[in-house]
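Presented below is the structure to which this report refers.
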Amino acid sequence: MLTHYIKISLRNLRKQKLLAFINIFGLSVGIACFSLFLLYAVNEFSFDKFHQQADNIYRVGRWIQAFGDRPAAGDTYMPMPLGPALKEDFPDVKEYVRFQEVWGESFVRYNNEVSRIEVAYADPAVFSVFTFKSSSGNLSSSLQNLHHVVLTASTAKKIFGNEDAVGKSIGIKVDDQFIPFIVSAIAEDLPVNSTIQFQALCNFEVIATTPWGSKSVNNWRRSAYQTYVLLEPGSQLASNKKGLQDFYNKCYPEEETDLEKTGSSDEDASTTTYIFQPIRDMHTNISMMGGSVPPVDPKNILILLCIAGGVLIIACINFTTLSIGRSAGRAREIGVRRVIGSRKKQLVAQFMTEALLMTFFSAVAGLLLAGLLLPYFNQLSGRTLQFSFAAYPQMSWLLFVLILLVGILAGSYPSLVLSRFKPIEVLKNKIRVGGSNLFTKSLVTFQFVLSIGLLISTMVILQQVKFMQSKNPGFNKENVLVIDASETDSKRIYPLLKQALMSDPQITGVASAELSLGADRGWSRSGFEYNGKHHDVFEYFIDPDYMKVLGMQLIAGRNFDPAITDDTVSSVIVNETMLQEFGWSVDSAIGKQIVGYSESKTPVVIGVVNDFNFMPMSQAVSAQLFHQFGSYQPYKYLVRIKPGNISATIASIGKSWSVVAPEFPFKYSFLEEDLDRFYQSEQRWNSIVGWAGGISIFLACLGLFGLAALTVINRTKEIGIRKVLGASLTAIVQLISKDFLKLVFIALVIAAPLAWYFMSQWLQDYAYRIQIGWWVFVFAGSAALLTALVTVSFHAIRTAVANPVKSLRTE
């Protein structure tokens, strides 16, 4: 019987090739779209689950409870002595691993060639705690020697080509010198769903041998390292809040004293404690920041899945309406089959078989389409995903359930409608396939509600991104080249390079700073007590030319002066927001001493600079402090270039760099591009929502196409009579189109307030944001109405220009 159903289904598909193709193609697009979003979601929720001991691996974090107007906050950067102390105090701690994550790129030298790679440091137990696969050599013992290094396979190929890298020596620049390291093993490239990422991994104890790292060995106040612990199976230490609190108080006994000084005896007052965060939870917990791969908000993943689900629902609705339209000509067949004895359940089985068969074809085409689109989707999502059932075993059953569910949902309504035909009415030509009933109209309206909502959302996100990129941040960001001098002898190189560059007429200014501005360029923040109140201040080491090169404005006081010795010892410049937070006025700020900044230093304010946005526009300007203390290094050089022949100027700068620092590669970026990268997430959202909106409108129009075909089939004789009586082409097109345009207009009325509400909530996350204009809704509605009119008019015009005699003989 099943074979019989399949044969009939294939025969009917061959008879209506065009409509069958449109039906399969529409559903395949929906399945492809949902499959890509599903792959993205599965990847995000599968982060770090590949470790064999993942159930017992935890990252140590510091949790500060809310107090007063200060919100609760989590931090995962810990002091160096924490790992050994945990293992000593808690028997459940089987092993610990400390990481110094990748901080930019380090210089590596091999055969007198210097390149840049990302170097991290970890305790030797890293490969016994975490599950990383070996490509060559023994990973478990690879870091036992202080000067051993593990490379990933792609990094080894980059440095050594096709040579066997194990046993070879490379020089890695640590502090101010190249130190020889022996390649002890090669690891396979790390999975894309790993929070821990590196290209080269060295022994953590190397850090203690450096001047800056030696200050952290027994320093509980310097927090810069990720610490992981492997607990004994069945351990309850992660949920032992009192034990972890007591351990924290043991490490920082003075904090209880400080709490008492505030006059608070409330047990719920602000307290800080250690927490153990499950490794499986790291990537989707935005309350704890840290890790080589930033965490993602699971809410955003679910929103993306909902968008994809909406597109798939639209595709299923299209499938339903097109199936009815495609089967409208089969009424006589159904009547004859009912007369000769076919039962209702047999007809349902027949049409469900056709639906499932078409769904199968659509699924195959959809998965092939998803595979073709995957590289482009990776660009949108910022991931390197791949359809791999080995990497994502859950994808197999998820896709199977998806295909089965889509087939049942998409085929149920057509099967039930067509199987209910009464044979006598069919054979007397009294049947009308329901193309204008309330249910079908509701489906089409729902399609356009989703489509118009996504279109409005895309336009709002695009406006917000453009607004943030074009808004003046408070300084001149255009035509500024940022040279990365990290890992070099930057104090020696800078004056030599500056002297060479300033002789170039295309360069109008050169300055230096410890940090640049923009995404992934780092920031430094100090917390201290001033007049009995805690303040967090962002601080930047700069030189006297910094503000001039970037076009910042001093509103009080003076700039740094190379002739004044105190300017390198205690002088600072602050921004307007810091004045407000500290309760100073512009007039009274000059000469203020910032008591409590540190035990060894009391800065003095010599100037006030205008507020400018050094963080994303989603955040308000924070308190900011500039200094040029002698203990800091100028790792970034900022070069202002005249507009014009930028390429030639960059080439000239590169030549000057090769003269003063011939052993190090020239690396640069543009300040404006660095700042624009703050908004990569919004740009990705805009692209993803935009593509989803475009696909949904396309699929919704396919649904209208099918529904219009169904309507024309039912009204062919009526149209013929109207033409005989003198109806014009315009009148006939209007007759067919007006009911559908009403549905689109109703969808606009529903979608507009919903989109306005949700996008208004989204905009609340931005300190600087646009106002949603009325024209957005007019444009979206007009685009939807015009698209619907063009789609429906195709069938209306084709029927209107047909021979009316032929139309009158169709029923």
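The values are calculated or read from the model by the stated rules, or taken from the named source; none is laboratory data. Quick caveat, the model's predicted, so the values are computed rather than measured. Using ideal geometry, Cβ is built from the backbone for each residue, glycine included, and neighbour counts are taken over all protein chains shown. When the accessible area is computed, the model is the full protein with side chains, heavy atoms only, and any ligands, DNA or RNA have been set aside. Shrake-Rupley method; radii C 1.70, N 1.55, O 1.52, S 1.80 Å.
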Nitroxide proxy distance, nm - points 7 Å out along Cα→Cβ at Gln734 and Ala783: 2.9
Estimated [θ] at 222 nm from DSSP helical runs (n ≥ 4, -39500 (n - 2.57)) normalised by residues in the chain, nearest 500: -16000 deg cm²/dmol
Mind scanning Lys471/Lys655; Lys94/Lys168; Lys477/Lys533; Lys717/Lys738 and naming the pairs with a C-alpha gap bigger than 28 Å? Lys471/Lys655; Lys94/Lys168; Lys477/Lys533
When the accessible area of the chain is split by element with a 1.4 Å probe, what percent falls to carbon and sulfur? 57
May I ask you to list the GluC sites (Glu not before Pro) in the stretch 530-635 that are in a DSSP loop and have at most 14 other Cβ atoms within 10 Å of their Cβ? Glu599
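Helix by helix through the chain, keep the DSSP H runs that span 30 Å or more along the axis on Cα and average at least 0.0 on Kyte-Doolittle, and give those back in order.
Qualifying helices, which must be both long enough and hydrophobic enough, are 17-45, 298-327, 344-381, 394-419, 438-470, 680-714, 729-763, 774-800.
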Approximate spin-label separation Tyr668-Phe21, in nm, with each point projected 7 Å along Cα-to-Cβ: 5.3
SASA check, Ile555, accessible area w/ 1.4 Å probe, all protein chains in place, rounded to nearest 10 Å², comes out at 70
Given that just one value was derived from the coordinates, which of (1) 73, 38, 30; (2) 45, 31, 26; (3) 62, 33, 27 is semi-axes √(5λ) of the Cα gyration tensor in Å? (3)
Largest first, what is the accessible-area ranking of Trp657, Trp220 with a 1.4 Å probe? Trp220, Trp657
So what does Val465 come to for accessible area, using a 1.4 Å probe and Å² rounded to 10? 10
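Sorting Val296, Val749 by accessible area (1.4 Å probe), largest first, what list results?
Val749, Val296
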Could you report the accessible area of Arg558 in Å², rounded to 10, computed with a 1.4 Å probe on the protein chains as they sit in the structure? 90
Check: the chain dipole with +1 on Lys, Arg Cβ and -1 on Asp, Glu Cβ, in debye: 6900
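Given a 1.4 Å probe and heavy atoms of the protein chains only, how would you sort Trp212, Trp103, largest accessible area at the top?
Trp103, Trp212
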Spin-label proximity, Ile564 to the stretch 464-508 - amide N less than 20 Å from point 7 Å beyond Cα toward beta carbon: none
Between Val659 and Trp523, how many nm apart are label points set 7 Å from Cα along the C-beta direction? 3.8
The answer for trypsin sites (Lys or Arg not before Pro) in the stretch 110-204 that fall in a DSSP coil and have at most 13 neighbouring Cβ atoms within 10 Å is Lys133
So with the 1.4 Å probe, I'd like the accessible area per residue for the stretch 446-509, rounded to whole Å². 39
Protection proxy (average C-beta count within 10 Å per residue), highest first, orders 41-50, 24-33 as 24-33, 41-50
How far, in nm, would the chain grow between Ala390 and Asp281 when pulled straight, counting 0.36 nm per residue and subtracting the alpha carbon separation? 37.1 nm
What number comes out for the charge environment of Lys299, summing +1 per Lys or Arg and -1 per Asp or Glu over other residues with Cβ under 14 Å away? -3
Could you give the length gained by full extension between Asn645 and Lys133, i.e. 0.36 nm per residue of separation minus their alpha carbon distance, to one decimal place? 179.5 nm
Net charge near Val574, counting Lys/Arg +1 and Asp/Glu -1 over other residues with Cβ under 11 Å of its Cβ? -3
At 0.36 nm per residue, minus the direct Cα-Cα distance, what do Phe467 and Lys548 gain on full extension? Give it in nm, one decimal, please. 26.6 nm
Expressed as a whole-number percentage, the relative contact order of the chain with C-alpha contacts under 8 angstrom and at least six residues apart is 15
The stretch 150-227, relative contact order in percent, only Cα pairs under 8 angstrom and at least six apart counted: 31
Qualifying trypsin sites (Lys or Arg not before Pro) in the stretch 619-720, DSSP loop, other Cβ atoms within 10 Å at most 13: none
